[in-house]
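Novice: One structure, as structure tokens, below. Some questions next.
The values are calculated or read from the model by the stated rules, or taken from the named source; none is laboratory data. This structure is a prediction, so every number in the text was calculated from the model and none was measured. Glycine also receives a Cβ, built like all others from the backbone with ideal geometry; neighbour counts cover every protein chain displayed.
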Amino acid sequence: MAMSIFHRATGVALYFGTILLAWWLTAVASGPGAYSIFSSFIGSWFGRLVLFAYTWALMHHLLSGIRHFVWDLGYGFGPSEREGLTWAALIGGIVLTVLIWIIAYAFGGGR
Amino acid sequence: MSDKSSSKGILTPLKRVRGLGASGSSATADFWWQRVTAVGMLVLIVPVIVIVMMLLGRNQAGAGQILGTPIVALLMLLFVVASAFHMKIGMQVVIEDYVHDEKVKLVAILANNFFSIAVALAAIYAILKLSSGV
């Protein structure tokens, strides 16, 4: 199924996205100056777009990874099951991403 | 059949010496660890998201204080280590699938190792520094 490439593509995106994670942690460890540079990037519209895409890539990769676990265990190989798992990962990834951002804004938006 | 290599499968002696056969590579271990780290991150993803949420909108001092808390630091360290192994193995699979020029492949695999280790160490160093409070 062509959708399998999404698992790889999101994996590769997350690979380079870890730069963001390392930057964030080293910025906090470095001090207020470094942290304000990181904050102004991640707070910009472009930074938020990157973070939103990162969230989606993570959620999709996670769900389609679970799908691979189901296959590893020998289940879900029927034609409709296969399609169902793929759609569940695709739709579930989008739903979880939106949910996380709603919670994030509700939580952190006030600070 | 008196040929000594006949009992060792179809690999030529040269191929076996280079360690390119299935028995000579780390492919099985990679397959296993890719799944071990995946399960680990599956368990850790909710706490990690909660930690990130706790840090949203905080200043550097506040963020550092939370990240330096033992339980938070430990969860983040576990996640970083699992991620680094997982992404190193995953990228190696992608490289081996799509890069066929041996020299380019070698450089790509080297770069993959260096990148994964560098990202992991940067994150680990930052977490440990925040934990020690200096």
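Novice: Of the conditions (1) surrounded by 13 or more Cβ atoms within 10 Å (Cβ to Cβ); (2) modelled with pLDDT of 95 or more, A:Leu99 fails just one. Which one is it?
Specialist: (1)
Novice: Here's a follow-up. Output yes when any residue across segment B:111-133 is surrounded by fewer than 19 Cβ atoms within 10 Å (Cβ to Cβ), assigned to a loop (DSSP other than H, G, I, E, B) and touching a residue at least 12 places away in the same chain (Cβ under 8 Å), and no when none is.
Specialist: yes
Novice: Restricting to segment B:83-134, name every residue that is charged (D, E, K, R) and either within 11 Å of chain A (Cβ to nearest Cβ) or touching an Asp or Glu at 6+ places or on another chain (Cβ under 9 Å) (or both).
Specialist: As a first pass, look at segment B:83-134 and keep what is charged (D, E, K, R): B:88, B:96-97, B:101-103, B:105, B:129.
If the condition is that a residue be charged (D, E, K, R) and either within 11 Å of chain A (Cβ to nearest Cβ) or touching an Asp or Glu at 6+ places or on another chain (Cβ under 9 Å) (or both), then B:Lys88, B:Asp97, B:Lys105, B:Lys129 are the ones that fit.
Novice: I would also like to ask the following. Which ones in segment B:53-82 are part of a helix (DSSP H, G or I), at the interface with chain A (Cβ under 8 Å from one of its Cβ atoms) and without any contact (Cβ under 8 Å) to a residue 12 or more places away in the chain?
Specialist: B:Met53, B:Gln60, B:Ala61, B:Ala63
Novice: Name every residue in segment B:94-109 that is among the hydrophobic types (A, V, I, L, M, F, W, C) and out of contact with any helix residue (DSSP H, G or I) (no Cβ under 8 Å at 6 or more places or on another chain), in order of residue number. Reasoning before the result, please.
Specialist: We begin by selecting, within segment B:94-109, every residue among the hydrophobic types (A, V, I, L, M, F, W, C); these are B:94-95, B:99, B:104, B:106-109.
B:Val104, B:Leu106, B:Val107 - these are the residues of segment B:94-109 that are among the hydrophobic types (A, V, I, L, M, F, W, C) and out of contact with any helix residue (DSSP H, G or I) (no Cβ under 8 Å at 6 or more places or on another chain).
Novice: Taking interchain pairs and intrachain pairs at least six residues apart, which have beta carbon atoms under 7 angstrom, with the first residue in segment A:78-97 and closer than 17 Å to A:Met59 by Cα and the second of a type in the set (Gly, Ala, Ser) and not in a helix (DSSP H, G or I)?
Specialist: Sorted first by the residue in segment A:78-97, then by its partner, the pairs are A:Leu85/A:Gly76.
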